[in-house]
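Enquirer: Dumping the structure here so I can ask a few things about it.
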Amino acid sequence: MERSFGSEIDLLKLRSGETFRGEGILAVTKALLQAGVSYVGGYQGAPVSNLLDVMVQARDYMEELGVHVEACTNEASAAAMLGASINYPARGAVTWKSIVGTNVASDALSYLSTAGVTGGALIVVGEDYGEGASVALERTHAVALKSSLWMLDPRPALPAIVRTVEKAFELSEASSTPVMMELRIRACHLHGSFTASDNRAPAVSMRKPMDGPSAFEYDRLAHPPATFKQEKHKAAVRLPAAREFIRRERLNEVFDGPEKDVGIVVQGGLYNNLVRALSLLGLADGGGDTRVPILALNVVYPLVPEEISSFCAGKRAVLVVEEGNPEFIEQDIATQLRRADLQTRLHGKDLLAEAGEYSAEVMVRGLVKFLQAHASRLDISAGTRWMQGLQEVRERAAALLGVTLPARPPAFCVGCPERPVFAAIKLASRETGLPHISTDIGCHSFATFEPFSFGNTILGYGMSLASSAGVGPMMARRPMAVMGDGGFWHNGLLSGVASNLLNGGDAVLVIMKNGYTSATGTQELISSPPEDARRVAAGTSAVHADRTIESTLRGLGVRWLRTVHSYRVSEMARTLKEAFTTRAPGLKVVVAEGECQLERQRRLRPMVARLLGAGQRVVRTRYGVDEDVCTGDHSCIRLSGCPSLTVKKSADPLKLDPVAHVNNDCVGCGLCGEVAHAAVLCPSFFRAEIVQNPGPWDRFLHALRRTVIGWLQPA
């Protein structure tokens, strides 16, 4: 996993009055238990993947409480779990990553919001919008609006986050509506403390099962004609009930200040950045005391008209700080002001950036414009000096460097089993020609960067083969699609493989079988290695015989299927050439098998440490470059791209170009040598075995080899 919470799970057992000190996403887990959650599900994805990881690691304690935990195969199956709350007083929570996960779950969410819920239903979304995002820069807010799902955006402080989680269930039950809560990366991983409460035993749970199903109620089905009544019920009953609960429980927070004629309305999740920006302007302190009044919206949808009117009344101007585009909150506030006939000037995207993450710097620039226009009496010279100083630092740095800093895109890990596959594709394409390549979400998308630069489209998790269906018939050469085993089980099996077989497609599919959902922290799949196989220090990923990707593909009707070990570059290149040139009809699938190197190293390093601590013999494989042989051509680097394969200045004064060099990050995967062999490059690579705690036989062999080598060396 991204990290282990094994030593922190005891924090979930804290009693009332005790102090919780830890990470944001762990605090969310504790809040779920304090709220009496009955079941939890989800699909992993940063930044909230740890929420599900914690639940899985604490499964024994969850079972003790009666909480059912389910790792779902995708976001749609997670959203469908919430159907348990439609008829029964069972509180449920599910989680997934950002707008992309919400899009996958949108069908279930639409029907869920239409039918309404009896028990509280909470969806925790990891909203990784902005510079930390790894996916499309869109927000879940739009889905909440179109499906009438209430959207929470808690202020980044553990007490505020915990209270928001607990009140989310109450809000859901008071308005019979599912609730979404978005958490940005910084909110998920911030550290802090709060006073814990006792965990509540769920009203309905594995330990308190129901005698049978509830009485049949057609009106609880999202099915016409019941849906016509439900649509009106959303607007006439649920929405007013939600607004009343938000107002009564004071879920939104007002931070007052002496400058009463101006104000700022901010999404709760951006509150910390706003206070930082105000402090740079000299208008707030580190504790949050501000001179300019702030309305922090911990609930960004629905807005409460009375709260908006009360905050804006008597103010000359109000600035809305809303990240992303379109400006949903700003438009909503503008409508509320017109309906209340308030003439308060409203600013937002006209002074702040229209799109992108709202850092403190972005906010400072917008606040300066706003305050100069409507509160010119305020001294904000500290902010302007700070911006000038920032610009001067950047100019000095540029002058000293003389050049623009090179981009540092993400890359495959050292020893990643997916890198050799792309090296093989590069070699095979020299003979077959480069095909149209549909890439996918996952680690393998790093091949879009140099030195490979492979990929023409990325259209969704597990969607690579489906996205090649349109272009394939128009290409003289078979298209190629690449997906991981995570994407295969998530969506690729049905959307890609089944669709291709149904339509008689002729494409090449490469499946990276590394054993886990590696891009989100090596969570388990149905085809993950069993526990006993993980104890073996082998590179392959043994799996349950009846749960393999290969058996699934054969059962579906794939006839041309090859499994090749990822690190065998020559064999992989030959297999790919065969896939592109064979006359066999139908889908051609190449399964590239090689366990995720991160997971393998996490398993091996403790084993090696124990052996070394016990004084036992340990052999470590390393690769290197003989610089006397290396010509400085660096074709090996262009074909491999491994971070441990770099360059250094040659010791030979006659060699002007730097030579290739393998640094100490090497994990001994052998890719550099395999690529050199497959591409018929120079024979400068060597393989060495480093023996720690050598025995008598090792010492004898070492002495013998040194003697023989000494005889062969010139005087």
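The values are calculated or read from the model by the stated rules, or taken from the named source; none is laboratory data. Keep in mind it's a predicted model, so treat the numbers as computed, not measured. Ideal geometry is used to build each Cβ from the backbone, glycine not excepted, and the neighbour counts take in all protein chains shown. Heavy atoms of the whole protein, side chains included, go into the accessibility calculation; ligands, DNA and RNA do not. Shrake-Rupley method; radii C 1.70, N 1.55, O 1.52, S 1.80 Å.
Enquirer: State whether one or more residues within segment 279-286 are open to solvent by less than 10 Å² (accessible area, probe 1.4 Å) and farther than 21 Å from Arg377 by Cβ.
Expert: no
Enquirer: Can you tell me which of Glu578, Glu593 is in contact (Cβ under 8 Å) with a residue 24 or more places away in the chain and open to solvent by 30 Å² or more (accessible area, probe 1.4 Å)?
Expert: Glu593 is the lone residue from the list that is in contact (Cβ under 8 Å) with a residue 24 or more places away in the chain and open to solvent by 30 Å² or more (accessible area, probe 1.4 Å).
Enquirer: Can you pull out every residue in segment 635-683 that is under 18 Å from Phe412 (Cβ atoms), assigned to a loop (DSSP other than H, G, I, E, B) and open to solvent by less than 50 Å² (accessible area, probe 1.4 Å)?
Expert: Once the filter is applied, which keeps residues that are under 18 Å from Phe412 (Cβ atoms), assigned to a loop (DSSP other than H, G, I, E, B) and open to solvent by less than 50 Å² (accessible area, probe 1.4 Å), segment 635-683 yields Gly641, Cys642, Ser644, Asn663, Cys666, Val667, Gly668, Cys669, Gly670.
Enquirer: Among the residues in segment 694-708, are any within 38 Å of the chain's Cα centre (by Cα) and open to solvent by 60 Å² or more (accessible area, probe 1.4 Å)?
Expert: No, because not a single residue in segment 694-708 is within 38 Å of the chain's Cα centre (by Cα) and open to solvent by 60 Å² or more (accessible area, probe 1.4 Å).
Enquirer: Given the criterion of a type in the set (A, V, I, L, M) and either open to solvent by 30 Å² or more (accessible area, probe 1.4 Å) or touching a Gly at 6+ places or on another chain (Cβ under 9 Å) (or both), identify the matching residue among Met480, Met475.
Expert: Result: Met475 is the single residue among Met480, Met475 that is of a type in the set (A, V, I, L, M) and either open to solvent by 30 Å² or more (accessible area, probe 1.4 Å) or touching a Gly at 6+ places or on another chain (Cβ under 9 Å) (or both).
Enquirer: Would you check if Ala222 is more than 30 Å from Arg291 (Cβ to Cβ) and in contact with a strand residue (DSSP E or B) (Cβ under 9 Å, 6 or more places away or on another chain)?
Expert: no
Enquirer: Here is a further query. Among the residues that make up segment 138-153, is at least one of them open to solvent by less than 10 Å² (accessible area, probe 1.4 Å), at positive phi, in a loop (DSSP other than H, G, I, E, B) and in contact (Cβ under 8 Å) with a residue 24 or more places away in the chain?
Expert: Within segment 138-153 (the criterion being open to solvent by less than 10 Å² (accessible area, probe 1.4 Å), at positive phi, in a loop (DSSP other than H, G, I, E, B) and in contact (Cβ under 8 Å) with a residue 24 or more places away in the chain), the answer is no, since none of the residues qualifies.
Enquirer: Run Thr95 past the list (1) within 25 Å of the chain's Cα centre (by Cα); (2) surrounded by fewer than 24 Cβ atoms within 10 Å (Cβ to Cβ); (3) not basic (Lys, Arg) and report the number of the one that doesn't hold.
Expert: Looking at each condition in turn, Thr95 falls short on (2).
Enquirer: Looking for something of a type outside the set (Ser, Thr, Tyr) and crowded, with 16+ Cβ neighbours inside 10 Å - is there at least one such residue anywhere in segment 210-220?
Expert: Yes, some residue in segment 210-220 is of a type outside the set (Ser, Thr, Tyr) and crowded, with 16+ Cβ neighbours inside 10 Å.
Enquirer: Here's something else I'd like to know. Tell me, which residue of segment 335-349 that is open to solvent by 40 Å² or more (accessible area, probe 1.4 Å) and assigned to a helix (DSSP H, G or I) is farthest from Leu283 (Cα to Cα)?
Expert: Checked segment 335-349; the qualifying residue farthest from Leu283 (Cα to Cα) is Arg339.
Enquirer: Then there's this: Report, by residue number, each residue of segment 289-333 that is farther than 19 Å from Ala360 by Cα and part of a strand (DSSP E or B).
Expert: Val299, Val300, Tyr301, Ala317
Enquirer: In addition: Taking interchain pairs and intrachain pairs at least six residues apart, which have beta carbon atoms under 8 angstrom, with the first residue in segment 384-401 and within 23 Å of Met363 (Cβ to Cβ) and the second surrounded by 12 or more Cβ atoms within 10 Å (Cβ to Cβ)?
Expert: Hits for this filter: Thr384/Val368; Trp386/Leu280; Trp386/Val364; Met387/Glu361; Met387/Val364; Met387/Arg365; Met387/Val368; Leu390/Glu361.
Enquirer: Shifting gears a bit: Do we find a residue being under 17 Å from Tyr461 (Cα atoms), assigned to a loop (DSSP other than H, G, I, E, B), open to solvent by 10 Å² or more (accessible area, probe 1.4 Å) and among the hydrophobic types (A, V, I, L, M, F, W, C) anywhere in segment 66-74?
Expert: Yes, some residue in segment 66-74 is under 17 Å from Tyr461 (Cα atoms), assigned to a loop (DSSP other than H, G, I, E, B), open to solvent by 10 Å² or more (accessible area, probe 1.4 Å) and among the hydrophobic types (A, V, I, L, M, F, W, C).
Enquirer: Another question, if that's okay. Of the conditions (1) closer than 21 Å to Ile329 by Cα; (2) open to solvent by 30 Å² or more (accessible area, probe 1.4 Å), Tyr88 clears all except one; give me its number.
Expert: That leaves (1) as the condition not met.
Enquirer: Related question: Just one of Ala222, Ala215, Ala203 is without any contact (Cβ under 8 Å) to a residue 60 or more places away in the chain, of a type outside the set (Ser, Thr, Tyr) and part of a loop (DSSP other than H, G, I, E, B); which is it?
Expert: Within the list Ala222, Ala215, Ala203, the selection yields Ala215.
Enquirer: Still on this structure, I have one more. Identify, please: which residue in segment 408-449 is among the hydroxyl-bearing types (Ser, Thr, Tyr), in contact with a strand residue (DSSP E or B) (Cβ under 7 Å, 6 or more places away or on another chain) and in a helix (DSSP H, G or I) and is, among those, surrounded by the fewest Cβ atoms within 10 Å (Cβ to Cβ)?
Expert: Restricting to residues being among the hydroxyl-bearing types (Ser, Thr, Tyr), in contact with a strand residue (DSSP E or B) (Cβ under 7 Å, 6 or more places away or on another chain) and in a helix (DSSP H, G or I), the top hit is Thr448.
Enquirer: Counting only residues that are over 25 Å from Val266 (Cβ atoms) and of a type in the set (D, E, K, R), which one in segment 350-407 is most open to solvent (accessible area, probe 1.4 Å)?
Expert: Ranking the qualifying residues of segment 350-407, first place goes to Arg396.
Enquirer: Would you tally the residues in segment 104-129 being part of a loop (DSSP other than H, G, I, E, B) and within 13 Å of the chain's Cα centre (by Cα)?
Expert: Result for segment 104-129: 3.
Enquirer: Could you go through segment 242-259 and let me know if any residue there is part of a helix (DSSP H, G or I), surrounded by 14 or more Cβ atoms within 10 Å (Cβ to Cβ) and of a type in the set (S, T, N, Q).
Expert: no
Residues are listed down the side, and each one gets a yes or a no for (1) at pLDDT 90 or above; (2) over 30 Å from Gly101 (Cα atoms); (3) in contact with a Pro (Cβ under 6 Å, 6 or more places away or on another chain):
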site	(1), (2), (3)
Glu418	yes, no, no
Ala424	yes, yes, no
Ala428	yes, yes, no
Thr432	yes, yes, no
Gly442	no, no, no
